[in-house]
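*Asks:* Structure provided below as structure tokens; questions to follow.
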Amino acid sequence: MTQSERAQWNRENSGSQDILPGALEKDLVENHIHDEICFGLPDAKMSSFHKKFPPTISITLRRGQEILATDWYSCYRNMMNGNSPCE
């Protein structure tokens, strides 16, 4: 399955528990983590996804790295489940 096919499948099955995680989903999480790290900093440049998935908490760089290295998929599920923070 190509990235385009997977993205289309995920859009068509957005309510499903069977989201197919891959690079596109991790990119979304990486952008959200960036926004959470920068949340509250004056003049911080937010990602292009900050309107759809606005950050609600501030996390440290170290915590952001831990999330991405260990369990980015849980963060993705939090985002899809009402934009819960990835803390």
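The values are calculated or read from the model by the stated rules, or taken from the named source; none is laboratory data. Just so you know, these numbers come straight off a predicted model, no measurement behind them. Positions of Cβ are backbone-derived with ideal geometry, glycine not excepted, and every protein chain shown enters the neighbour counts. Just so you know, the surface numbers come from the protein's heavy atoms only, side chains and all, with ligands and any DNA or RNA stripped out. Shrake-Rupley method; radii C 1.70, N 1.55, O 1.52, S 1.80 Å.
*Asks:* Given a cut-off of under 8 Å on Cα pairs at least six residues apart, what relative contact order in percent is computed for the chain? Working shown, then result.
*Replies:* Details: 74 pairs, mean separation 22.4, N = 87.
Relative contact order here is 26 percent.
*Asks:* With semi-axes √(5λ) of the Cα gyration tensor in Å as the read-out, I listed (1) 38, 16, 11; (2) 27, 19, 11; (3) 24, 13, 12; which label goes with the value calculated from this structure?
*Replies:* Of the labelled values, this structure produces (3).
*Asks:* At a Cα cut-off below 13 Å, give the aspartates and glutamates reachable from LYS26, other chains included and same-chain residues fewer than 8 away excluded.
*Replies:* ASP71
*Asks:* Next question, about the same structure. Name every cysteine in the chain that ends up alone, with no second cysteine's Cβ under 4.7 Å, or say none.
*Replies:* Result for the chain is CYS38, no neighbouring Cys Cβ within the cutoff.
*Asks:* Something else: Where Lys and Arg each count +1 and Asp and Glu each count -1, what net charge lies around CYS86 among other residues with Cβ under 12 Å from its Cβ? Could you put the intermediate results ahead of the total?
*Replies:* On the way: positive: ARG63, ARG77; negative: GLU30, ASP35, GLU36, GLU66, ASP71, GLU87.
Around CYS86, the charge tally is -4.
*Asks:* For the chain, what does -39500 (n - 2.57) per DSSP helix run (n ≥ 4), summed and divided by total residues, give at 222 nm, in deg cm²/dmol to the nearest 500?
*Replies:* -16000 deg cm²/dmol
*Asks:* Tally Lys and Arg at +1 and Asp and Glu at -1 over the other residues with C-beta under 13 Å from the C-beta of LEU24: what net charge comes out?
*Replies:* -1
*Asks:* Round to a whole number: what % of the accessible area of region 5-87 belongs to carbon and sulfur, probe 1.4 Å?
*Replies:* 51
*Asks:* List the aspartates and glutamates whose Cα sits under 15 Å from the Cα of LYS45, skipping any in the same chain fewer than 8 residues away.
*Replies:* GLU30, ASP35, GLU36
*Asks:* Please give me the summed charge of the neighbours of ILE57: other residues whose Cβ is under 14 Å from its Cβ, Lys and Arg +1, Asp and Glu -1.
*Replies:* After counting each charged neighbour, the total is -2.
*Asks:* Also, quick follow-up: Before I look further, what does the chain give for accessible area per residue, probe 1.4 Å, in whole square angstrom?
*Replies:* Heavy-atom accessible area per residue stands at 66 Å².
*Asks:* Say the dipole of the chain comes from +1 at the beta carbon of Lys and Arg and -1 at that of Asp and Glu; which of PRO85, GLN65, SER48 then lies farthest toward its positive end?
*Replies:* Towards the positive end, the residue furthest out is SER48.
*Asks:* Based on Cβ point charges of +1 for Lys and Arg and -1 for Asp and Glu, what charge dipole magnitude is obtained for region 1-85 about its Cα centre, in debye rounded to the nearest 20?
*Replies:* With Lys and Arg at +1 and Asp and Glu at -1, about 140 debye.
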